[in-house]
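Take a look at the structure set out below.
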Amino acid sequence: MNKMTASKPFSSRSVDEITGGCRLRRMRKADWSRRLVQESRLSVDDLIWPIFIVDGKGRREEIAAMPGVFRMSLDFAVKEAERAAKLGIPAIATFPNVDMNLRDQTGSHILDADNIINKATRAIKQAVPEIGIITDVALDPFTSHGHDGILRDGVIVNDETVQQITAAAVLQAASGSDIIAPSDMMDGRIGAIRDALDANGFQDVAIMSYATKFASAFYGPYREAVGTAGLLKGDKKTYYIDHANSDEAVRETEQDLAEGADMIMVKPGLPYLDIIRRLKDEFRVPTFAYQVSGEYSMIKAASANGWIDGEKAMLESLLAFKRAGCDGILTYFAPQVAQMLKG
Ligand code: PBG
């Protein structure tokens, strides 16, 4: 026994006076106690995997701005859906890179029952019936200008766009889509889609509203992935929410829920954790975040440079969504995380 411990440690009394005997570090002292008091957990059941589809066969092209993410033709997409199902990932979300020749001013190819999104849904449903399929009805992959709506005289027209995506939603449901996820932010779209789905016998097809989609710089790599980067002129500020606004996010969500949304989504994710928490507290409905392409690429780029531990940053960012109140997360990391959680 040395002198320090034999006599009264000189500083213990003064520290206890400060802490009042409450020492939060007691529960942090070992792995077992940290696990015991952990509040939020990430599970494979929280994951939705967004994938990119292209026409053709045998195509698997890495997206330069998203290392580890590929555009895949249907044969590969089906295989990847099988892998995802085996890993226990509940659902995938499909996004098309449409042939440039098929894109036009109004995005009319979205109304082709045999476009690659609908073909992908049918192929995946047939091969992997146990995985959920989420399809977006925004027009941006189908328009020659990369906007989510129909452009007339420099204006994205609301009601005509809603009519078009409503018809597209019915075609997607007829192809086997389980959840329609409109990401276009037109007013009134949720109610219109709900009515059309119901009228066509698709009462069981759900709607995940991109209730709060912010005008954001974090979508850059996605636009390369679906080929809208070179097409888009101007920005999407006349339809996406100003990223300075939080009350408006609540109003938008309230409206979408009143119109029949089954689940809501906040997009992008990490810069908007305050919105997620606010919406979860306010509405208590299934709430999701989309960890978008820019968020993915930032982690990948920093990790490739050796500046951060990529795996740890990935897990920390995903757990942050759970802590903020998310029921699930759309993330390009889904298969990697699922594999890790399994291991
Ligand atoms: C547009 C759409 C966007 C994303 C998916 N659908 C945004 C945009 O291009 O403006 C972004 C997804 C991502 O960044 O991962 N309807």
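Quick look at the values:
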{"quantity": "Label-point gap, in nm, between Arg41 and Thr238 - each point 7 angstrom along Cα→Cβ", "calculated": "4.9 nm"}
{"quantity": "Inter-centroid distance (Cα atoms) of region 153-190 relative to region 232-256, Å", "calculated": "17 Å"}
{"quantity": "Net charge dipole size for region 108-161 [Lys, Arg +1 and Asp, Glu -1 on Cβ; Debye, nearest 20]", "calculated": "280 debye"}
{"quantity": "Added length on full extension, which subtracts the Cα-Cα distance from 0.36 nm per residue, Asp31 to Val155", "calculated": "38.9 nm"}
{"quantity": "Accessible surface of region 42-342 [probe 1.4 Å, protein heavy atoms]: carbon and sulfur percent", "calculated": "51 percent"}
{"quantity": "Pairwise label distance in nanometres, Ser14 with Ala302, each label 7 Å out on the Cα-Cβ vector", "calculated": "3.8 nm"}
{"quantity": "Percent antiparallel among DSSP beta bridges (both partners in region 42-342, rounded to 5)", "calculated": "20 percent"}
{"quantity": "Cβ charges +1 (Lys, Arg) and -1 (Asp, Glu), total dipole of region 41-128, debye", "calculated": "260 debye"}
{"quantity": "Integer Hz, Karplus 6.51/-1.76/1.60 couplings in order for region 163-171, x for Gly and Pro", "calculated": "4, 5, 6, 5, 5, 5, 5, 5, 5"}
{"quantity": "Selection from Asn118, Phe214, Gln336, by position along the positive dipole direction of region 42-342 (Cβ)", "calculated": "Gln336"}
{"quantity": "Dipole moment magnitude, nearest 20 debye, region 42-342 about Cα centre, only Lys, Arg, Asp, Glu C-beta charged", "calculated": "880 debye"}
{"quantity": "Under-5 Å amide H pairs with Ile207, H placed in peptide plane, nonlocal only", "calculated": "Ile180, Asp262, Met263"}
{"quantity": "Calculated FRET value between Asp262 and Asp55, using beta carbons and R₀ = 35 Å, to 0.05", "calculated": "0.70"}
{"quantity": "Shape of region 170-262, Cα gyration tensor, a/c cut at 1.5", "calculated": "oblate"}
{"quantity": "Neighbour cut-off at most 16 other Cβ (10 Å), DSSP loop, chymotrypsin sites (Phe, Trp or Tyr not before Pro), region 269-343", "calculated": "Trp307"}
{"quantity": "Where trypsin sites (Lys or Arg not before Pro) fall in DSSP loop in region 171-278, at most 14 other Cβ within 10 Å", "calculated": "Lys233, Lys237"}
{"quantity": "Average accessible area per residue (Å²) across region 227-274 - probe 1.4 Å, nucleic acids and ligands excluded", "calculated": "50 Å²"}
{"quantity": "Among Met72, Val98, Ile180 - extreme Cα towards positive end, dipole of region 59-207, charges at beta-carbon", "calculated": "Met72"}
{"quantity": "Probe 1.4 Å, protein heavy atoms only - accessible area per residue of region 86-148 in square angstrom", "calculated": "33 Å²"}
{"quantity": "GNM result for the chain, Cα springs below 10 Å: residue of Glu39, Glu17, Glu80 fluctuating most strongly", "calculated": "Glu17"}
{"quantity": "Region 192-324 shape via C-alpha gyration tensor axes, a/c threshold 1.5", "calculated": "prolate"}
{"quantity": "Square roots of 5 times each gyration tensor eigenvalue, C-alpha, region 207-261, largest first, Å", "calculated": "25, 14, 9"}
{"quantity": "Cα shape, the chain, gyration tensor, a/c 1.5 rule", "calculated": "prolate"}
{"quantity": "Estimated [θ] at 222 nm from DSSP helical runs (n ≥ 4, -39500 (n - 2.57)) normalised by residues in the chain, nearest 500", "calculated": "-12000 deg cm²/dmol"}
{"quantity": "Violating pairs (Cα-Cα greater than 28 angstrom) within the set Lys57/Lys86; Lys125/Lys233; Lys29/Lys86; Lys86/Lys322; Lys236/Lys280", "calculated": "Lys125/Lys233; Lys29/Lys86"}
{"quantity": "Most mobile listed residue (Gly21, Gly310, Gly149) in the chain, GNM with C-alpha springs under 10 Å", "calculated": "Gly21"}
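The values are calculated or read from the model by the stated rules, or taken from the named source; none is laboratory data. Bear in mind that the values here come from a model prediction, so they are computed numbers and not experimental data. Cβ coordinates were reconstructed from backbone atoms using ideal geometry, including for glycine residues, and neighbour counts include every protein chain displayed. Each accessible area value is taken on the protein alone, full model and side chains, heavy atoms only, with ligands, DNA and RNA left out. Shrake-Rupley method; radii C 1.70, N 1.55, O 1.52, S 1.80 Å.
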